[in-house]
Amino acid sequence: MEMPAPNPQIIAQKARIVKRLRAALPEGAVIDAEAEVRAYECDALTAYSCPPLAVVLPGTTEDVAKALRICHEAGVPVVPRGAGTSLAGGALPTADSVILGVARMSQVLETDYDNRFIRVQTGRTNLSVTGAVEEAGFFYAPDPSSQLACAIAGNIAMNSGGAHCLKYGVTTNNLLGVTMVTMEGEVIEIGGAHMDAAGLDLLGLICGSEGQLGVVTEATLRILPKPEGARPVLVGFDSNEVAGQCVSDIIKAGLLPVAIEFMDRPCIRATEAFAKAGYPDCEALLIIEVEGSDAEIDAQLARIVEIAERHDPVEIRESGSAEESAKIWLGRKSAFGAMGQINDYMCLDGTIPVSALPHVLRRIGEMSKDYGLDVGNVFHAGDGNMHPLILFDANKPGDLEKCEAFGADILRLCVEVGGCLTGEHGVGIEKRDLMGHQYAPEDLEIQMAVKDVFDPGWLLNPAKVFPLAATGARREAAV
Amino acid sequence: MTQAARPQSEAELAEIVAGSNGPLRIAGGGTRRSGGAGAALTTRGLSGVTLHEPGALTLVARAGTPLAEVERVLASEGQRLAFEPMDHRGLLGTKGAPTIGGAVAANVSGPRRVVVGAARDFLLGVRFVDGQGRILKNGGRVMKNVTGYDLVKLMAGSWGTLGVITEVSLKVLPAPEVTGTLLIEGLSDADAVRAMAAALGSPFEVTGAAHLPGDAPLTLLRIEGMEASVAYRAEALCGVLSEFGVSRVETDPEAGAALWRAVRDVEAFHGRDGHVWRLSVKPSEAPELVARLGAEAVIYDWGGGLVWALAAPGVDVRAAMAGTKGHATLIRGEGPPMFHPEPAPIARISEGLRAAFDPRGVFNPGLMG
Ligand SMILES: Cc1cc2nc3c(=O)[nH]c(=O)nc-3n(C[C@H](O)[C@H](O)[C@H](O)COP(=O)(O)OP(=O)(O)OC[C@H]3O[C@@H](n4cnc5c(N)ncnc54)[C@H](O)[C@@H]3O)c2cc1C
C-alpha cells in the first residue's frame, strides 16, 4: 500500500513546529523524541508503519483547537488518533504529519438517566462508557470486539459496529451529538441531548468520516436500559448453504435476535484446537442470541429451534444458564485469537446481502485453493457483515502481497453480489484503492467535495479513504 | 400554475435538472412542505418497489413509490417501516399520496423514533440527481456499510435541497404479533414526562411514549411483541409506574392503532387554525419550556423529546426557546423561516455543502437557508 512521499519542507521545519506546539500546550503534551513517536507509527494494520513528525496529546478541546491552528498555519498534515486499533490503517501517519491523539481525554462529562444519555470525552474507551452507567442498569450498545481498547473517537470516525447491531444499530444510530474541532481550529457543537438535526444532518455525515472532516473531542451517546437477560442457542449444520437459509428463515419468521454469528469449518476447527469450547465438528454453525425475561427467552429460543430443526441440523445446543452461555460464546470470542495461533492473518470486512451467502462462501473456498492460502470465515450473519480471515506468513517474501490480492478479490466479489467493501472497519488505506469498484468517479467526487467544505486544504488525514490517484491534485494544491 | 414536470426515468429526470435554467420545486406526492418558488418537478413518475428481500430485512423502491404501496408490500410478509412515518395531510390540508422518497427526504418519523431511530437510521442507500444533473449514488442495500462518507444520512432530511432522490434502499423490520398500550389518566405535564422516563428507562422495551395534555390528560406507553411477552411486560410496567397509576391496558388492535395514529399525525390539531411547530428538546426540559411557550395546545411525543405546539402566528416560539438546547421547525404557517437558524459555523458548513451538491442553487432555493 503506497503512501504519498512526505513533504521535505515540513520535515525541515520540524524543530520550529514542535517549538510552537510546546509553547502553546501544557507540559508533556508534545512528543517528538524518535524513540517515543515510534509508539504511534502504526495502528492494528501492523503491516504498515511510519513514525510521525511529532505526536500531540492534548487534555482539552481548547488545546486540540490550539494544536490544529498551529498545524493549519504551518500547513502540516494531521492524523487524528484514538486508541490505534483501526484494522484499516486509518490512524497510520506519514513522516510529515502530526498525530493528534485524544487518548488523554477520557473523562465522563455528564450522565443523565432520565434522558438516557452520557456525554464523554472521546478518548474514553468503548467498554468504559458502559462501565460508567452499568450500575444504574444501563449500557452503551455498539460493542466492537475491540471494545476493551478502542476509543469512542475511533468508533465515531469509523462508525464501528459490533455483535449486537442487528438489534441496536451501529455507532451512528447511537450518537446524539459531538463537539468537533475543524482543521482551522474552530470548535463546533453538533446535536446534543435532543434528537435529529435542525437542518442538514451533519452528525450523520461526520460519523464514519474517518478523521477527515474534523477532530471529535466530545460525544453525547445514547444509553439503553440493560435487558433482563440474554441467552444463545448454538446450531450446527452440514453445509454453509443450509446455515445461510436458516438465518434467512429466522429473520423472515419475524424474530429479531440481538446477534446471529456464523462460523465455517476452518474456523470451527481452529477454534476447537485453541479454546476447546466443545463445538460440534460440522461445516457451519450459528450462534443466535435473544434477550428478555427468562420466559421470553425460552419462548423465542423455542421458535428458533423449531425453525432450525427444519434444516436437519447436526446439533442444537440451547443455553439454559449463564455458564452454558459462556461456553457457547467462548469459541466465537476466541476465533480471531485461534486463527492468529496458526499464522499471521488479514481480517476482511465486506458486507453482502444475506441471500448471497452460500455463493460467496463457495467462491471464497475456490479462490483459497487458487491462491494457496487458507481462509476461515466468522461473521455477523444477521446483517451480512463477513469477516474472512486469510492466513499468511509475514516472514515469507511475497505472501503479504498474495494475501492482499486474495483479499481484494474477495471484496470485489462482495461488491459484485450487491454488497460493499467494508461493513464496520472503514476504508483507511487498506481499501482506499478499491473504492473505484464500488463507486463511479463522480460518486467519489461528491464525497471529496464534502471534504473540500470542511478541510479545503486537505490537511486532515489526507491520504486515506479515496484512491491516491483521485486525491493527488487536491493534496498537492494544499502544499 | 403550469403542470409539474413528471419524468418517467432517472435519466429523464437528470436531463430536466441539467437543462433547467431556473429554480425547481421538488416534490414527491406533494403532501409535505416544499420549496416556494420555481418550476414544479415531481418524482411520482419513478414508481415501484424493485426489491424486497424479507430474509435480509431490505427493500428497494423508486422514490415516487406511494408509501401505501411500500407498506402493503411489506405487510404481505409481516414486515413494516419501523420509523413509522407520519402522514402530513390532515395537519397541512394537503391532498395526494405521500411517497417513500418524500418521507425519506424530509426524514419523517413517528412515535417509534424515540427507540428504534428515525427514517435516516433505516436508510441504507440512495440514488439521486445533483444540481448539475449528475446521477449519483451512496450507500447500498446492505445493513452495514462504512465504505466512504455517509451521504445517505445527509440526503435524509435534506428536503430536496441537495439533490432529487430517485431510489432508496431501506432496512425494514418484522411487524409485532400484538401491541399493548398502557394508559395513565390525569397526569400533569411534569409527572407525565417523569412517568415516560421511568418507562423508557426500564428493560421492558417501550416503543412509544406520548402525553396528550388538556382537560382530560392522557399518557400513552406502547409495548409490542409476542403475545405472552406483551402481557408480561405490561404487568411489569404497571409495577414500574405504580406511583402514577396505570388505569388500563388497551390491547384491541384497532383501538391501539388509532391511538398511535392520532399521536403520529397530530390529530389533535387537525382543523384548528394557527402555526404548527415541531420542537426537538431534551425531554426533561420540555414541560418548563411548554409553560413559557404561550401555545394554545401541545402534545408530547418521544417521552417529551418531541413537542408539537399549536400557536397563534404572533407567538415567537424560538424566542421562548432561548437558553434551551434543541430546535423548532415551523411545519405549518408563514412568516418565520421553516428551519431553526443555525449557529454561524454550522450555517457556513451547510451553505458549503449545498453549494457543492447544487452549485447553481436550483433545488428548493431558500427552503433550508
Ligand atoms: C482485535 C480487533 C477487533 C476488532 N473488532 C471490531 C468490531 O467488532 N467492530 C468494528 O467496527 N471494529 C472492530 N475493530 C476495529 C477498530 O477497533 C475500530 O475501528 C475502532 O473504532 C477504532 O477505534 P480507535 O480508537 O482505536 O481508533 P484509531 O485506530 O485510533 O483511529 C481510527 C480512525 O479514527 C480516526 N480518529 C481517531 N480519533 C479521532 C478523533 N478524535 N476525531 C476524528 N477522527 C479520529 C483516525 O484518524 C482513524 O482514521 C477491531 C480491531 C481489532 C484490533
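When a/c is below 1.5 the answer is rounded, else prolate if a/b is larger than b/c, else oblate, so apply that to the protein assembly as shown with a ≥ b ≥ c taken from the square roots of the Cα gyration tensor eigenvalues.
Working: a/c = 1.44, a/b = 1.14, b/c = 1.26.
Rounded, since a/c falls under 1.5.
Could you check what % of the DSSP bridge pairs in the protein assembly as shown are antiparallel, to the nearest 5?
Working: 114 of 128 bridges.
Counting only bridges with both partners in the protein assembly as shown, antiparallel ones make up about 90 percent.
Using θ = phi - 60° in the Karplus curve 6.51 cos²θ - 1.76 cosθ + 1.60, the 3J(HN,Hα) couplings for segment A:254-269 round to x, 8, 10, x, 6, 8, 10, 9, 10, 10, 9, 4, x, 6, 4, 4 Hz; x is entered for Gly and Pro. Helix B:10-19 and the longest principal axis of the C-alpha atoms of chain B enclose an angle of approximately 60°.
Centre-to-centre separation between the Cα atoms of segment B:119-160 and those of segment A:355-376: 31 Å.
Name the shape class, rounded, prolate or oblate, that the alpha-carbon gyration tensor gives for segment B:77-171, where a ≥ b ≥ c are the square roots of its eigenvalues, rounded holds for a/c under 1.5, and otherwise prolate holds if a/b is larger than b/c and oblate otherwise. Walk me through the numbers before you get to the answer.
Values: a/c = 2.00, a/b = 1.21, b/c = 1.66.
It comes out oblate by the Cα gyration axes.
Listed by chain and number, the lysines placed with their C-alpha closer than 20 angstrom to that of A:Lys19 are A:Lys66; residues fewer than eight positions away on the same chain are left out.
Rounded to the nearest 500, the helix-only mean residue ellipticity at 222 nm of chain A stands at -11000 deg cm²/dmol, with each DSSP H run of n ≥ 4 adding -39,500 (n - 2.57). Sorting A:Asp238, A:Asp112 by the number of Cβ atoms found within 10 Å of their own Cβ, with the fewest placed first, yields A:Asp238, A:Asp112.
Axis of helix B:227-240 versus longest Cα principal axis of chain B: the two differ by about 60°, to the nearest ten degrees. Using a Gaussian network model of chain B in which every pair of alpha carbons under 10 angstrom is joined by a spring, one finds that among B:Val60, B:Val230, B:Val315 the greatest mean-square fluctuation is at B:Val315.
List the pairs from A:Lys464/B:Lys137; B:Lys95/B:Lys153; A:Lys431/A:Lys451; A:Lys327/A:Lys369 whose alpha-carbon separation is above 26 Å, in the order I gave them. Distance filter (> 26 Å) returns B:Lys95/B:Lys153; A:Lys327/A:Lys369.
In this simple spin-label approximation, A:Thr46 and A:Asp281 carry label points 7 Å from Cα along the Cα→Cβ vector, and these lie 3.2 nm apart. Note down the nm distance, to one decimal, between modelled labels 7 Å out along Cα→Cβ at A:Lys226 and at A:Glu27. In this crude spin-label approximation the distance works out to 4.1 nm. Modelled spin-label separation between A:Val314 and B:Leu92, with each label point placed 7 Å from Cα along the Cα-to-Cβ direction: 5.8 nm.
In degrees from 0 to 90, rounded to the nearest 10, what is the angle of the helix A:322-333 Cα long axis to the longest principal axis of chain A? Taking Cα atoms only, the helix is inclined about 60 degrees.
Just how far, in whole angstrom, is segment A:188-224 from segment B:209-232 if you go by their alpha carbon centroids? Using only Cα atoms, the two centres lie 31 Å from each other.
Cα gyration tensor of segment A:40-143, axes a ≥ b ≥ c as square roots of the eigenvalues: rounded (a/c below 1.5), prolate (a/b > b/c) or oblate? Here segment A:40-143 falls in the oblate category.
If you take the Cα centroid of segment A:87-164 and the Cα centroid of segment A:1-39, the two points sit 26 Å apart. So if we plug the beta-carbon distance of A:Asp409 and B:Asp316 into 1/(1 + (r/R0)^6) with R0 = 45 Å, what FRET efficiency do we get, rounded to 0.05? The calculated FRET efficiency here is 0.15. Among A:His387, B:His211, the ranking by other beta carbons within 10 Å of each residue's beta carbon, starting with the fewest, stands as A:His387, B:His211.
When a footprinting reagent is the concern and you count Cβ atoms within 10 Å, what order do A:Trp329, B:Trp302, B:Trp159 take, fewest first? Numbers along the way, then the final one.
Working: A:Trp329 19, B:Trp302 27, B:Trp159 23.
Ascending Cβ contact count within 10 Å gives the list A:Trp329, B:Trp159, B:Trp302.
For segment B:40-52, putting each phi into the Karplus relation 6.51 cos²θ - 1.76 cosθ + 1.60 with θ = phi - 60° gives couplings of 6, 9, 10, 8, 4, x, 9, 10, x, 7, 9, 7, 9 Hz, in residue order, rounded to whole numbers and with x for Gly and Pro. Computed per residue of chain B from DSSP H runs no shorter than four, each worth -39500 (n - 2.57), the mean residue ellipticity at 222 nm is -8000 deg cm²/dmol.
Read the figures in this text as sums done on the coordinates, not as results from a lab. These figures come from a predicted structure and were not determined experimentally. Cβ atoms come from the backbone with ideal geometry, glycine included; neighbour counts cover every protein chain shown.
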